[in-house]
Amino acid sequence: MSLVQGVYGVRGNLELLACDARDGLWVFWFNADLDTDPLETPDVPPGSWSAGLAFAAGHRYVDAQILQSALGPNHLEVLALTEDGVLQSWFWSPGPGFQRRVTDAATAVARFHATHDEGALFVTVERVDGARSHLVSCTSDYPSRGWFEAVDGPGFPEDAAGAVIDAGIASDTVQPGTARSASSTRDGGTTELTWRDASGAIRHLGVPTL
């Protein structure tokens with residue numbers, strides 16, 4: 001599960017990506033605008049989540065990450081890890097929607113984390129044998145991407161279960177390993193917490209940044 005603040009809306013909507021338990025991926029968006037802002041999406045008023053959009057059918061995924069791209073305009077990047085260790089590369093653009101690239105980022109992957117900088121993607125992968133490597137994908141062939149070995153890359157984020165519990169959520173309602181934390185500019189600065197509860201449902205809580 002992954003959340004990022006995007007560029008859509010007056011104040012930057014939130015984009016949430018989640019793996020289906022059996023097949024494919026889901027994306028949702030949160031309207032971060034205020035009631036006083038122009039209403040662009042009557043079906044998703046300010047302060048509410050959209051219905052989910054399913055895509056990437058045909059694979060079972062164990063992790064996925066969504067990133068706001070500087071390219072496009074306003075494209076989104078998705079990296080999605082299948083249960084057999086293939087790290088797929090996707091992007092979203094207005095009109096066509098989500099499209100999988102021909103070239104995958106890596107294989108034999110156990111876990112990964114990515115960052116974005118001016119259109120380039122930097123990825124750290126941990127292989128199934130425990131070895132770590134770093135990859136970079138530049139913008140020269142965008143929207144296609146090639147992947148090259150790099151000398152450094154992002155670290156792996158810590159599990160956010162502690163932050164979720166500190167925010168008042170009972171620990172036995174947070175599925176282990178599912179809690180994530182992201183920052184947004186909502187309300188002057190907000191820590192966006194997401195997790196799966198005991199039933200598997202996705203939960204979200206915004207905590208003001210002190």
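The values are calculated or read from the model by the stated rules, or taken from the named source; none is laboratory data. Predicted model only: the values in this text are computed from it and were never measured. Note that we place each Cβ from the backbone using ideal geometry, even for glycine, and neighbour counts take in every protein chain shown.
Of the strands (runs of 3 or more DSSP E) contained entirely in the stretch 3-76, those carrying at least 2 residues that are modelled with pLDDT of 95 or more and under 23 Å from THR190 (Cα atoms) fall at 14-19, 25-30, 61-68.
Out of GLY6, GLY52, report the one residue that is out of contact with any helix residue (DSSP H, G or I) (no Cβ under 8 Å at 6 or more places or on another chain), crowded, with 16+ Cβ neighbours inside 10 Å, on the phi < 0 side of the Ramachandran plot and of a type in the set (Gly, Ala, Ser).
So the residue among GLY6, GLY52 that is out of contact with any helix residue (DSSP H, G or I) (no Cβ under 8 Å at 6 or more places or on another chain), crowded, with 16+ Cβ neighbours inside 10 Å, on the phi < 0 side of the Ramachandran plot and of a type in the set (Gly, Ala, Ser) is GLY6.
Before we move on, is THR178 part of a strand (DSSP E or B), at pLDDT 95 or above, surrounded by 15 or more Cβ atoms within 10 Å (Cβ to Cβ) and in contact with a helix residue (DSSP H, G or I) (Cβ under 9 Å, 6 or more places away or on another chain)? For THR178, the condition - part of a strand (DSSP E or B), at pLDDT 95 or above, surrounded by 15 or more Cβ atoms within 10 Å (Cβ to Cβ) and in contact with a helix residue (DSSP H, G or I) (Cβ under 9 Å, 6 or more places away or on another chain) - is not met.
Only one residue in SER137, SER133 is of a type in the set (S, T, N, Q) and closer than 20 Å to ALA56 by Cβ, so which one is that? Even if it seems obvious, please write down each step before you answer.
Values: SER133 fails: closer than 20 Å to ALA56 by Cβ.
Criteria check complete, one pass: SER137.
Among residues of the stretch 163-174 that are more than 14 Å from THR191 (Cβ to Cβ) and surrounded by 10 or more Cβ atoms within 10 Å (Cβ to Cβ), those with a Cβ under 6 angstrom from a residue that is acidic (Asp, Glu) and modelled with pLDDT of 95 or more, sequence gap 6+ or separate chain, pair up as THR173/ASP197. For the stretch 69-90, filtered to residues that are surrounded by fewer than 18 Cβ atoms within 10 Å (Cβ to Cβ) and in contact with a His (Cβ under 9 Å, 6 or more places away or on another chain), the residue that is farthest from GLY24 (Cα to Cα) is ALA70.
Take the conditions more than 30 Å from LEU205 (Cβ to Cβ), modelled with pLDDT of 95 or more and within 15 Å of the chain's Cα centre (by Cα) and apply them to SER93. Does it pass? No, not satisfied. Checked against (1) farther than 23 Å from SER93 by Cα; (2) more than 19 Å from the chain's Cα centre (by Cα); (3) not charged (D, E, K, R), SER140 passes all but condition (1). When each of SER137, SER93 is tested for being surrounded by 13 or more Cβ atoms within 10 Å (Cβ to Cβ), closer than 22 Å to LEU16 by Cβ and in contact (Cβ under 8 Å) with a residue 40 or more places away in the chain, the lone residue that passes is SER93. Within the stretch 190-209, does at least one residue satisfy the condition of being loosely packed, with under 14 Cβ neighbours inside 10 Å, in contact with an Asp or Glu (Cβ under 8 Å, 6 or more places away or on another chain) and part of a strand (DSSP E or B)? Yes, the stretch 190-209 contains at least one residue that is loosely packed, with under 14 Cβ neighbours inside 10 Å, in contact with an Asp or Glu (Cβ under 8 Å, 6 or more places away or on another chain) and part of a strand (DSSP E or B).
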